[in-house]
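So the structure is just underneath, and the comments pick up after that.
Here, each number is a calculation from the coordinates, and none is a lab measurement. Since this is a predicted model, take the numbers as computed values, not measurements. Using ideal geometry, Cβ is built from the backbone for each residue, glycine included, and neighbour counts are taken over all protein chains shown.
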Amino acid sequence: MTVSGRDDELRVRYAGLADVLIPAFDGMPSATQADVVTYWIDVVLALRTDLGPAFFEALEHAEGHPSEAVARLIDERPDAFSALGTLTAGAYFMNERVRELIEYPGQTTRDFVDELPLYLEMLERVDERGPIYRPTPDASHDGDME
Amino acid sequence: MSIHPPDEVADVIVIGAGASGSVAVRELALAGLSVVCLEQGDWTRRSDFPGQRPEWELVAQQQWSADPNVRRASADYPVEVSDSEIDPLMYNAVGGSTVLYAANWVRFVPSDFRVRTLDQVADDWPLTYEDLQPYYERMDQDMGVSGLGGDPAYPPGAPPPLPPLPLGSIGRRGAQGMDQLGWHWWPGSNAIAARAYRGRSPCVRQGTCMTGCPHGAKASTDLTHWPEALSYGAKLVTGARVREITVDARGRASGALYIDRDGREHFQAASSVIVAANGVGTPRLLLNSKSKLFPDGLANHSGLVGRRLMMHPFAAVIGLYDDPLESWIGPAGQTIHSMQFYETDESRGFVRGAKWNILPTGGPLGVRWGFIGRPVAEQWGADFHRNVRRSMGHSFQWGVMGEDLPDEQNRVELDDVLTDSDAIPAPKVVYRSSANARAMMDFHVARVREAHAAAGAVETMTRTMRDCGWHLLGTARMGEDSRTSVVDQWGRAHDVPNLYVIDGSVFVTSSAVNPTATIMALALRCVEHLIEQRRDQASLT
């Protein structure tokens with residue numbers, strides 16, 4: 001299930017909706033500028049096949065001006081709109097250039113560092129305030145205890 | 001459907017290869033008993049975990065969701081939740097939910113075992129913190145826990161075997177806020193290896209713990225217990241969905257009927273049966289195991305099988321900060337925790353309390369999660385970019401987990417219609433939160449906002465969650481009186497002397513902490529008692 005395999009009208013319609021959701025703003029590209037419509041949406045549709053039917057339901061019921069269509073979907077087909085939003089945002093953030101612009105390197109790895117010296121002084125103040133738990137009230141057991 | 005002939009009679013069947021079942025199987029096999037574990041799921045390959053791939057956050061919402069109704073994997077069974085305020089979460093595989101858990105490794109405090117005595121609500125446990133402490137300390141070693149001893153929220157004891165994981169920018173910033181207020185905090189205790197430990201790799205702080213650790217640093221029992229259990233001769237049958245525990249004419253458990261993934265039914269006979277299928281799966285199985293002797297379900301003469309379900313209420317309070325905090329760095333996991341408001345103070349208008357812990361907010365889809373619930377117009381358009389810019393790398397989450405007191409109306413029962421893929425009746429969860437829990441969460445969320453403000457947050461956002469049923473507790477409670485409990489303090493069913501329950505179902509109260517440390521310590525205590533009993537019987541004969 002892909003957008004690129006659909007007819008031109010549907011792809012143009014999706015491009016309009018995607019740019020209403022994610023327009024160009026303050027140095028950030030719009031959804032279409034970030035190749036969401038031409039590439040990434042098909043990638044994420046393959047990853048989230050569960051959302052495909054609702055996503056295409058949204059496209060099929062989004063005739064007319066994109067802003068008005070989005071407003072209508074929100075009111076009348078919230079589940080379809082949710083799928084449209086989840087997949088469009090997911091596709092947008094798959095673009096490496098977008099990740100660079102928001103300064104997100106992905107889930108990177110790093111080695112262990114002993115940070116205790118960085119917070120030891122604060123921790124000593126916790127320790128100095130003393131225990132905060134309520135002890136077991138009855139040391140002796142009843143019933144079939146060991 | 002044909003029933004295949006039984007294998008030889010096992011000394012013990014363990015149903016479920018998760019947190020508690022893994023402990024039981026390893027100890028039983030080590031003791032030289034023949035043990036067969038029936039697990040409906042399979043092994044999860046480490047290379048399948050998505051944390052190192054760019055689509056991580058997108059697939060975490062479905063294929064790697066902890067909600068079986070969302071994930072819908074072949075090993076899962078559906079859970080009817082239309083009458084529940086919280087969705088139960090679990091993972092059905094070798095290692096069970098430890099494969100996806102956050103690995104917060106937190107003990108109960110002493111008062112958690114004496115709730116009736118101290119606060120005049122709920123019930124006392126038939127054991128104390130002091131009874132369980134040696135088992136907690138052994139499980140710390142077995143799981144390779146990282147943390148720092150000396151936490152004043154707990155009685156003295158042995159420190160964890162590994163040093164605490166780094167707090168990172170988010171943990172240190174949160175600690176600064178707590179320090180300003182003079183409130184308790186402590187480095188988080190996690191079942192995640194800070195250094196290489198017993199074949200596990202050290203944590204690299206990737207922050208994707210809850211979709212499985214691709215590095216093998218997190219202590220899931222497929223890594224910590226199963227290799228050893230198998231080397232001792234334990235038999236593991238994967239893809240084995242148990243339909244019924246059978247009983248003989250005397251009302252003793254005789255074995256289990258299970259269905260393999262090709263739809264064939266098998267019977268495994270055993271001298272003893274241990275159920276370790278979690279707080280939903282265990283009562284489901286007992287209720288499905290009806291017979292002439294047990295018309296209301298196995299071991300259910302008290303009527304309490306499935307009753308008293310507890311699932312911790314949870315709120316996430318996200319703080320937005322001007323400074324860069326690298327807030328996608330792990331563990332996730334807990335960097336620090338607080339027990340400042342854990343104990344009862346009746347002047348607050350409720351009893352019991354909550355535990356807090358700091359978590360990263362993740363990548364861009366994760367930080368957007370904080371804005372869900374706002375008007376749609378504020379989530380899209382220019383605000384889409386503004387929200388990501390404000391929060392990406394500039395935020396962290398205080399998670400607030402409140403104690404859920406037992407209520408017999410909160411329950412697991414069998415659904416009249418819904419079944420799993422093997423036509424076995426599915427569980428239905430009926431759950432409502434209490435006025436006490438709501439008041440508790442309101443109080444704690446207000447205090448957490450103060451903690452964020454003291455740490456320099458410019459804004460906070462609060463979300464309560466429906467999909468927070470990570471902890472499934474109380475549905476086959478332990479106790480001394482067979483009229484008011486299902487099993488005794490050793491997990492042995494009052495009604496069926498060779499049937500044991502050892503998972504979170506046996507909890508008397510829920511505490512307000514992540515329960516896996518207690519589940520596994522209790523399981524160890526129970527199974528060692530079972531082994532001792534068998535030795536005593538053997539020596540007599």
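Summary table below
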| quantity | calculated |
| --- | --- |
| Whole-Hz ³J(HN,Hα) from phi, Karplus 6.51 cos²θ - 1.76 cosθ + 1.60, for segment B:330-343, glycine and proline x | x, x, 9, x, 10, 7, 9, 10, 9, 10, 4, 10, 7, 7 |
| Relative contact order for chain B, counting Cα pairs under 8 Å that sit 6 or more residues apart, in percent | 23 percent |
| Charge dipole magnitude, Cβ of K and R +1, D and E -1 - the protein assembly as shown, Cα centre, debye nearest 20 | 460 debye |
| Segment B:129-194-segment B:5-35 distance, computed between alpha-carbon centres (Å) | 32 Å |
| Relative contact order of segment B:250-327, defined on C-alpha pairs under 8 angstrom at six or more residues apart (%) | 17 percent |
| Loop-resident sites, segment B:398-438, for trypsin sites (Lys or Arg not before Pro), counting at most 15 other Cβ within 10 Å (DSSP) | B:Arg432 |
| Fewest-first ranking of B:Asp11, B:Asp87, B:Asp503, using other Cβ atoms within 10 Å as the exposure measure | B:Asp11, B:Asp87, B:Asp503 |
| Karplus-derived 3J(HN,Hα), 6.51/-1.76/1.60, for each residue of segment B:323-329, Hz, glycine and proline x | 7, x, 10, 6, 7, 9, 6 |
| Fewest-first sequence of B:Phe384, A:Phe55 by Cβ atoms within 10 Å of each Cβ | B:Phe384, A:Phe55 |
| Cα long-axis angle, helix B:382-391 against chain B (0 to 90 degrees, to the nearest 10) | 80 degrees |
| Mean ellipticity per residue at 222 nm, deg cm²/dmol - from DSSP H runs of n ≥ 4 across chain B, formula -39500 (n - 2.57) | -7500 deg cm²/dmol |
| MRE, 222 nm, helices only [DSSP H, n ≥ 4, -39500 (n - 2.57), over chain A, to nearest 500] | -15500 deg cm²/dmol |
| Cross-link pairs B:Lys235/B:Lys428; B:Lys218/B:Lys355; B:Lys290/B:Lys428; B:Lys290/B:Lys355 - those with Cα-Cα distance over 29 Å | B:Lys235/B:Lys428; B:Lys290/B:Lys355 |
| Prolate/oblate/rounded call for segment B:47-145, Cα gyration tensor, a/c under 1.5 rounded | oblate |
| Two-site label geometry, B:Glu408 and A:Glu63: point separation in nm, points 7 Å out along Cα→Cβ | 6.0 nm |
| Between segment B:245-279 and segment B:43-96, the Cα center-to-center distance that results, in Å | 26 Å |
| Protection proxy ranking of A:124-137, B:154-167 - average other beta-carbon atoms within 10 Å, highest first | B:154-167, A:124-137 |
| On Cα atoms only, tilt of B:278-288 relative to the major axis of chain B in degrees | 30 degrees |
| For B:Thr335, B:Thr98, order by how many other beta-carbon atoms lie within 10 Å, fewest first | B:Thr98, B:Thr335 |
| Surrounding net charge for B:Asp442, when Lys and Arg each add one and Asp and Glu each subtract one, Cβ distance under 13 Å | +4 |
| DSSP bridge pairs, chain B: antiparallel proportion in percent, nearest 5 | 65 percent |
| Rounded tilt (10° steps) of B:435-454 against the dominant C-alpha axis of chain B | 40 degrees |
| Gyration tensor (alpha-carbon) shape descriptor, chain B, a/c threshold 1.5 | prolate |
| Cα centre as origin, Lys/Arg/Asp/Glu Cβ charges: segment A:8-101 dipole, Debye | 200 debye |
| Using θ = phi - 60° and Karplus 6.51 cos²θ - 1.76 cosθ + 1.60, couplings along segment B:225-233 (whole Hz; Gly, Pro as x) | 10, 5, x, 5, 4, 5, 5, 7, x |
| Separation of alpha-carbon centers, segment A:96-114 and segment B:475-531, rounded to whole Å | 44 Å |
